[in-house]
Every structure is written in structure tokens, then in C-alpha cells.
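Inspection log for the structure reproduced underneath, given as C-alpha cells.
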Amino acid sequence: MAKIKSQFSYFTRIQKYVLKHMSLRNNFWTDDKYSSLYWISVLIGSFALLVFLSYDIVLKWYDSPVNRFNINEPRHMSENPFPAITICHNDPISSNIMNLASVLKWERKNKTDEEWQTLNVVYDMCSWKHNIYKLEKINPKIVYNVLKEFSTKCQDTIKQIRWKDKIIDNPCEIMQPIFLLNNLCYSFNALPYHEMYRQIPNKLEDVLQTGKKWSILTSNWNSDDGYSTNNKISNNIPWNMKSTAFWNTVEFILAQNDAHYGCSSKQGFTVYFHSPSDVPDYSHSSLKLSKSSHSFVQIVTHLSLTDDGLKSWTPEERGCYYLNEKWLRHNSVYSYINCYVECQVNYTETLCGCAPMYRINSSLPVCGPKSNECLANAAVLIQRAYRTCKCLPSCTDIDYELSYSTVPKNFSYIKESLTFLNDSTDSNNLASIEATVNLEHTWPLRRNAKDTNIGYIGKIAGLTNLCRGVSLISILETLYFIFINPFFH
């Protein structure tokens, strides 16, 4: 026992000697000024190194706290909606109804204001470059009248839709009319008007008598939650595919009637593929289609998800919005495209005092051709003041990539099977497009935190211990000697 006490006393003396003579605190101020200067330099240098290394960690945390990576859990195609398909006729004004050549010869003094506004609407929709008397603002009623009287109707453009193995009678009943800039288009499988918009553009639907059947349906899908399990699968709106079987396709047969004077120098059709909850936009995947041709499109679905652990973060920190986090004035469904388009509309109305044609507002006049420069300036301002729009991607984002091939097709060989053909439709003026989903499974990208708060604290604590020799025990010891010990001695 005496031997053990002797050894313990020996180690205690050694410990006291080390603490007394080896502590950095005791080496700051000595009789040797060079030694003191050395240890002060060590202290300052280690602190500077700590700040430098910690700054890099903190900067990465604030600049890019979220990382995306592939996940191993595939998602079946039946869980994703089939894309909305928006078809735009490149000749939006029917030259068989309006004599476009004579319209261009109009003189301002011989025409009423209503007639001149009509010409300006046609000028914009046809993307003309002719020199005419341009108006700055147009009455919305004139725009609707032009659409009703002179536009190329859905019935004249979309002749047949085959969804999977079923031919849809009266296809225009499920095609919703929509403006894409100044071009009148028709959307298939998009969300119904009453669910897509706060201010329903049903005036287009009423004027053109198109999309009535689709617009009364109710959607049971949204991007954050997917399809509702309360409804039967057959009632899913928007529609989806269940497999990649050969009959799981959608096919459109389109018609373009020949005319002596065309509205536009462009012929055929432009077809856009986008999320059912998105307003169609030029940034979406698209292809051109001309008559006497057939295009086969294979669609690859790209999906981005967000980890549930990020829901408590602010949208700016996680870099995305959930559907209930960002309110839009016109659209009831949030997406990046919807936010950007609405921001452009708001800037245009403020800067120009009129509404662009693709978002007709009954309380404001429609911007005429003379306002095109103002519209362009509004678009530039949006780019420069990007942060003021505060548009971020959706936390559940869906996009579609296309691969397609186009071949010539002689429809006269199958005209017996085309029940819609009549004396006014020539089989030589037809075109078709067929689309299907390429893969049965999608491997989404998941938005996730690069590290947890505890992980970042651990990294900084490790650097502090490396550079300054600081640990939790030493911090508590320091606090003890500063705040507690003086009261007891």
C-alpha cells in the first residue's frame, strides 16, 4: 500500500511540473523576449489558420447547403403523369376566312378604329414584319372577336386523338385553348382551367367552344403528393401510362389546309411537351411537324424530389418551394415557369399599362404592336431584377426529355380508316405525331442536406482542436476559472 501511495505521489508531482512549465500560458511572458514573441506568433498564427479553414466550411454551408444525388429507389411510370402536349398551328389566322393580302392594303383614313385594331391583332398573331399603322393598346373584346371569327379552329387542326388503344371522338372537347405568347395553341392532358388558374381564362374556352369536357373534370394529382389514392386509377386526371407496351401511346392526326395567302411564313405545327401543372412556354421541350410526315417521340421523365428533413428549412435555404409556400396572383399551382410568366406579366402591366396577349386581362387593354419595345424592355428588366421575382424551382419538379424521329407518310393509303376525312380535308394535308414513355421506371434526384448542423459543428470543433488545442473540457475549465472560481476564493 505504501508503494502504491509513493507511485501516485510521484505521478502527481510530474503532472504538476508539466502543467507549471509546459503550459502555453506560462510561456507568453518570460524574461526571454524572443521566447515570448515566438509563442505570441504561434497563438496568432494558429488563430488565423483556424479562421481561414472555418470560413471555407461556413461559406459552403451558406452558399450551397443542399446537394443532389441519385437515389436507388426507382419510381414506376404510373406514379408520374403523362406530359401535357400543347399543339400550336403555325398559321393561327385562317387565310380562307380573311383575305390577308387585301388586309395589308388597308389605309388608316378609310377604316374605323375597330377595323384597325383587328388588323393589329392579326399583325401580332401572324408575326408580320410589314409596315402598317401600329396601335399601342387594343380592346380585349377585339382580340376575342378575332379569335372567334378568324382564327384557325381546333376542329380544323386536330382531327383525331388515339389514347392508348381508344380513339377519342370529338378530340377538341378535351383540348384546352391557351396562348403561347401571341400564338393560339391547344393543350392536351393539362390541368383543368379551374384548378390551374385563380382567374380562369375560360373566355377563350367560351369564345372558341373548345375544351368543355376536360374543364369540368377534377384532378386528383399534384406535384408534391402525386396521385390521390382515394380515386380509382381509371379516373386519374391528368392521365398517365401504366406500362411501355406497344399500345401505350398517344397519337394525334393534324391537318393544315392549303391557302393561296398564308398568315405566316412558317408552315406546319410546333408541339410542346411539359408538366400538366405548367403554363406552356418556349423553354419546354418541343419539335416541329410538317404535313405528310409522321413523328415518333420517346419521352424520358426526369424527376427531382426533396428530402422531408428539409421541410423545416426556409425556401431560400433549401432552394425550392413547396406548393403551399409561394402564392401567385393568377395561377393557383406553383411552378418555376408559372412564377416566371406571372412575374413577366406583372412587370409588363406596370411598365406598359397593358396586358400581353397571352394573359388577357379584362381590366386592362391588350398590348398592341406599338408596345413591342416596351414588352421587350419588361423582359430585360425581369432578367436584371431576377431576385425580385423570387422564383425558385418546385421541391418536386418534373421535366421531360424527348428523342424522336420523323419520316414521310402518305396518308392516302390509310384514308379508308380515317373516318373524319371529308370533302374539305385532303389526305395530303395531314400530319401525325405519336408519343410514348420510354422507360417504365424513373430514378429521381433527391435534394438533400450536404451535412447536418451537428456535422458542421463537429468539423469546426475539430479544426479548433487541431489549431488551438481547444476541447469541450478546456472550454468548461476556462468558464469555471473565470466565472465560478473567483466567488469561492
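The values are calculated or read from the model by the stated rules, or taken from the named source; none is laboratory data. All figures in this text were calculated on a predicted structure; none of them were measured in a lab. Neighbour counts run over all protein chains shown; Cβ positions are idealised from the backbone, glycine included. Each accessible area value is taken on the protein alone, full model and side chains, heavy atoms only, with ligands, DNA and RNA left out. Shrake-Rupley method; radii C 1.70, N 1.55, O 1.52, S 1.80 Å.
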(message) 7 Å from Cα along Cα→Cβ at both LYS134 and SER405: what's the point-to-point distance in nm?
(response) 4.5
(message) Using 0.36 nm times the number of residues separating ASN429 and HIS441, minus their current alpha carbon distance, what extension gain do you get?
(response) 0.6 nm
(request) Note down the nm distance, to one decimal, between modelled labels 7 Å out along Cα→Cβ at ILE97 and at HIS194. (result) 2.8
(message) Could you tell me which residue out of SER293, SER332, THR270 lies farthest along the dipole of the stretch 262-342 toward its positive end? Charges go on the beta carbon: Lys and Arg +1, Asp and Glu -1, centred on the Cα centre.
(response) SER293
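Sorted by packing (mean other beta-carbon atoms within 10 Å per residue), highest first, where do 218-224, 81-87 land?
Sorting 218-224, 81-87 by mean packing, highest first, produces 81-87, 218-224.
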(request) Identify the residues of the stretch 147-187 with backbone N under 20 Å of a label point that sits 7 angstrom from the Cα of GLU115 along the Cα-to-Cβ direction, or state none. (result) 147-151
(request) Might you report the magnitude of the Cβ-based charge dipole of the stretch 212-358 about its Cα centre, with Lys and Arg at +1 and Asp and Glu at -1, to the nearest 20 debye? (result) 600
(request) Could you rank TRP443, TRP163, TRP327 by how accessible they are, 1.4 Å probe, largest area first? (result) TRP327, TRP443, TRP163
(request) Tell me the label-point distance for the pair ASN324, LYS148, using the 7 Å Cα-to-Cβ offset, in nm and rounded to one decimal. (result) 4.2
(request) Report, to the nearest whole %, how much of the accessible area of the stretch 260-392 belongs to carbon and sulfur atoms, 1.4 Å probe, protein only. (result) 52
(message) If I stretch the segment between LEU217 and ALA245 completely, what's the gain in nm (0.36 nm per residue apart, minus their alpha carbon distance), one decimal?
(response) 7.4 nm
(message) Expected output is a single nm value to one decimal: the length gained when fully extending between ASP308 and ALA376, i.e. 0.36 nm times separation in residues minus the C-alpha distance. What is it?
(response) 20.5 nm
(message) Just to make sure I understand: if all protein chains stay in place, what is the order of ARG446, ARG318, ARG387 by accessible area at 1.4 Å, largest first?
(response) ARG387, ARG446, ARG318
(request) Specify whether the C-alpha gyration tensor of the stretch 325-413 places it in the rounded, prolate or oblate class, a ≥ b ≥ c being the square roots of the eigenvalues: rounded for a/c under 1.5, otherwise prolate if a/b is larger than b/c and oblate if not. (result) oblate
(request) At a 1.4 Å probe radius, which order do LYS141, LYS203 fall into by accessible area, largest first? (result) LYS141, LYS203
(request) Mind ranking 245-254, 305-314, 273-282 by how tightly packed they are, going by the mean number of other C-beta atoms within 10 angstrom, highest first? (result) 273-282, 245-254, 305-314
(message) Leaving out ligands and nucleic acids, and using a 1.4 Å probe, what accessible area per residue does the stretch 261-412 come to in Å²?
(response) 45
